[in-house]
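> Got a structure for you, written out below as structure tokens; questions coming shortly.
No lab work stands behind these numbers, since they all come straight from the coordinates. On a predicted model such as this, the values are computed, not experimentally measured, just so you know. Counting neighbours? That spans all protein chains shown, and the Cβs are built from the backbone with ideal geometry, glycine included.
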Amino acid sequence: MFRMGTDERMSNDLAGAERTRLQGFGGHSMVAPLKRVIVQRPAPPANVDDWRAYGYTNPVDHAATEAEFDAFCALLAGAGVDVVLQEPDDTGRLDSIFVYDASIVTDEGAILTNPGKEIRRVEVDYAESLYNNLGVPVIGRITGDAILEGGDVFWLADTFLAVGIGYRTNQIGADQLSTFVRPQGVEVIRTELPHWHGPDECLHLLSLISPVAERTAVVFSPLVSTPFMQLLNALDWNLIDIPAEEFATQGTNVLALAPGKVLILEENVGTRRLLEAAGMEVLTYRGLHLSHNRQGGPTCLTRALWRDTAPPTGTLEGGG
């Protein structure tokens, strides 16, 4: 299943990698070296009770959030990443800081989403304005009854996009996404997400799994669907199961800065040990206000604009 000839694959990948270098955006990967990333300054609350509408754990301490955000950006810059800083969204749009959800970046341009969390749909226009300012083409937008959030989408391989179907992304959203990426030779692979704690819970596909190196990911396997787990196993993925107690502290929310070099929240010491035992370099950041209160980790806080995709190491093949 999912086979492509080696010569054809290498030709396509090399052409795509060269194109992303020239244009400064793209890279169909979750782990290739991160060259440019979009982050957005936190918007201040409009009212003291805004945090309730967003389902946060506690009231927002804006000054403390800004301090953690500045340290987070400095860490990215110190790791050699070009940080594209977007100014705060309108006052009161607290979730807008999670820029991963409003768009998907491909080698041909950005695709704007339509969040399942209705209060967040206004964020997409703000994302579009940034892409226009950066000169990044917008090649599509999810509309109508279709819903899709970036947190439910990740590159399984350069020609395969995994999409989680749940309360934030529906089948129609995955279908629309497919029409935008199919011309690039990309296939959408769907997987069902669990009910978990219901529609108010922020549970994305990337809440359950995060790639950290080629065909290697941290995972919270109890919540991953059986068909998706079977697919990963068929494709010879190495899965690192995080400690169960660190699922609540976003142990599965890991940002790969390069293959085998990752960024995680500092509380997840068990996950860090597992990653280091697997030969990974692990950087940590403090996110009490930035991440834990808002339930969004380092992947949520960033939108990879350019990953420098390397020549392929093999073909994407699985058993029949």
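> Report the equivalent ellipsoid semi-axes for the range 72-203 in whole Å, largest first, defined as the square roots of five times the eigenvalues of the gyration tensor built from alpha carbon atoms.
Sorted largest first and rounded, they come to 23, 19, 15 Å.
> Could I ask something else about it? Using DSSP, restrict attention to beta bridges with both residues in the chain and report what percent are antiparallel, rounded to the nearest 5.
Once the DSSP bridges in the chain are tallied, antiparallel ones form about 45 percent.
> Near the amide H of residue 302, under 5 Å away, which other amide H atoms are found, from residues 5 or more places off or on another chain, if H is placed in the peptide plane?
Amide H neighbours of residue 302, under 5 Å, 5+ apart: 99, 100.
> From the square roots a ≥ b ≥ c of the eigenvalues of the alpha-carbon gyration tensor of the range 98-164, which class results: rounded (a/c under 1.5), prolate (a/b over b/c), or oblate?
oblate
> Principal axis extents for the chain, Cα atoms only, whole Å, descending order, please.
The principal-axis extents, from largest down, are 58, 42, 39 Å.
> Right, here's the next one. Using the Karplus curve 6.51 cos²θ - 1.76 cosθ + 1.60 with θ = phi - 60°, work out ³J(HN,Hα) for each residue of the range 182-198 in order, rounded to whole Hz, and write x for Gly and Pro.
Working through the residues one at a time gives 4, x, 8, x, 9, 9, 8, 10, 8, 9, 6, 9, x, 5, 6, 9, x Hz.
> Considering the chain as a Gaussian network with a 10 Å cut-off on Cα pairs, which listed residue, 33, 227, 298, attains the greatest mean-square fluctuation?
227
> What does the net charge come to around residue 33 if you take all other residues with beta carbon closer than 10 Å to its beta carbon, with K and R at +1 and D and E at -1?
Summing Lys/Arg as +1 and Asp/Glu as -1 gives +2.
> Shape of the range 231-273 from its Cα gyration tensor (a ≥ b ≥ c, root eigenvalues): rounded if a/c is under 1.5, otherwise prolate when a/b > b/c, or oblate?
It is oblate, given that a/c is not under 1.5 and a/b is not larger than b/c.
> Roughly how many whole Å is it from the C-alpha centroid of the range 191-262 to that of the range 92-131?
The range 191-262 and the range 92-131 have Cα centres spaced 22 Å from each other.
> Further question: Using the Cα gyration tensor of the range 156-278, with a ≥ b ≥ c the square roots of its eigenvalues, what is the shape: rounded (a/c below 1.5), prolate (a/b larger than b/c) or oblate (neither)?
Oblate is the answer for the range 156-278, as a/c is 1.5 or above yet b/c matches or exceeds a/b.
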